[in-house]
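K.L.:
Pasting a structure below so you can have a look.
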Amino acid sequence: MILGINIDHIATIREARKGSEPDPLMAATLAMLGGADGITVHLREDRRHINDRDLKGLREMVPIELNLEMAATQEMVGIALSVKPDMVTLVPEKRQELTTEGGLDLITRKDLIAGAIQKIQQAGIPVSLFINPSIIDIDLSKSIGADMVEIHTGHYANAHAKRHQDELIKIKDAAEIAYRNELMVNAGHGLNYFNVKAVAAIDGIRALYIGHSIISRAVLVGMERAVREMKELIGCSRKLTE
Ligand code: PXP
């Protein structure tokens, strides 16, 4: 299982003063030193954190998987085709939301998303769809040609007691069905140092994408250590000398 680090909130801190620090490129370098397998950024329509310049800089300096999260808009598809990340994750985007609130609405937006998938794949870039852990969404993802799905773990992360277990079972079942449908399976959102182990133990998951909890810890203990500790928890720690 690989770990992709979402570094959006490094740019959130920078944008608090509209200055030049902290620098997402430097954060990506330190994340790699800590053992990150991938770097993820979400280029939002309103550019509230990561901007176009960050994305281009990251493309030039990141040798590991660069995952671009984006809405399925014409503007973003154009950017993906010119920057050429290693993969694209299509996500729903609402201007007022604090963070991505749920999976894609594949039922009503199927054609639009299918069109975006086709254009991105024609440029040789694999596409993942951020979806709720639902069988219908897995079937739709397969039918419109996605290469991968990223199962939304936010409801699991926010639930307590029995609901927490119920949400975990939904993720497990969804991962199994997606895997059987020959989709690569990723998971993410709301994962932290306390809740990640149960998700990391699910068979068939290729990658976890984690941002806020790692950046929050990095503020206090440093990026390399925050990444290393997360890698140890998900059981894919790798020594720098290996
Ligand atoms: N995966 C997707 C599709 C996301 O939109 C986000 C948040 O940007 C994440 C993973 C990471 O979520 P978190 O910051 O809660 O770890």
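Read-outs throughout are calculated quantities, based only on the coordinates presented, and are distinct from any laboratory measurement. Nothing here was measured: the structure is a model prediction, and the numbers come from that model. Glycine gets a Cβ as well: all are built from the backbone with ideal geometry, and neighbour counts include every protein chain shown.
K.L.:
Across the range 179-209, which residue is farthest from the ligand (Cβ to nearest atom) among those that are hydrophobic (A, V, I, L, M, F, W, C) and more than 17 Å from the chain's Cα centre (by Cα)?
P.N.:
By that ranking, first place goes to ALA201.
K.L.:
Considering only the range 1-23, state which residues are over 21 Å from GLN96 (Cα atoms) and surrounded by 23 or more Cβ atoms within 10 Å (Cβ to Cβ).
P.N.:
If the condition is that a residue be over 21 Å from GLN96 (Cα atoms) and surrounded by 23 or more Cβ atoms within 10 Å (Cβ to Cβ), then LEU3, GLY4, ILE5 are the ones that fit.
K.L.:
For residues that are touching a residue at least 12 places away in the same chain (Cβ under 8 Å) and more than 12 Å from the ligand (Cβ to nearest atom), tally how many sit in the range 128-154.
P.N.:
Within the range 128-154, residues that are touching a residue at least 12 places away in the same chain (Cβ under 8 Å) and more than 12 Å from the ligand (Cβ to nearest atom) number 14.
K.L.:
Just give me the residues in the range 1-36 being within 11 Å of ILE215 (Cβ to Cβ) and within 15 Å of the ligand (Cβ to nearest atom), in sequence order.
P.N.:
Correct list: ILE5, ASN6, ILE7, ASP8, HIS9, ILE10, ALA11, THR12, ILE13, PRO24, ALA27, ALA31.
K.L.:
Provide a single number: the residues in the range 72-85 that are under 16 Å from ILE50 (Cβ atoms), surrounded by fewer than 21 Cβ atoms within 10 Å (Cβ to Cβ) and of a type in the set (A, V, I, L, M, F, W, C).
P.N.:
Residues that pass the stated criteria total 2.
K.L.:
Please find, among LEU43, LEU33, LEU68, LEU58, the residue that is in contact (Cβ under 8 Å) with a residue 60 or more places away in the chain and either closer than 23 Å to SER216 by Cα or crowded, with 21+ Cβ neighbours inside 10 Å (or both).
P.N.:
Every option except LEU33 fails the conditions.
K.L.:
Shifting gears a bit: So HIS189 passes all but one of these: (1) surrounded by fewer than 23 Cβ atoms within 10 Å (Cβ to Cβ); (2) within 30 Å of ILE117 (Cβ to Cβ). Which condition number does it fail?
P.N.:
The failed condition is (1).
K.L.:
Considering only residues of the range 79-127 that are in a strand (DSSP E or B) and in contact (Cβ under 8 Å) with a residue 60 or more places away in the chain, which is nearest to VAL62 (Cα to Cα)?
P.N.:
MET87
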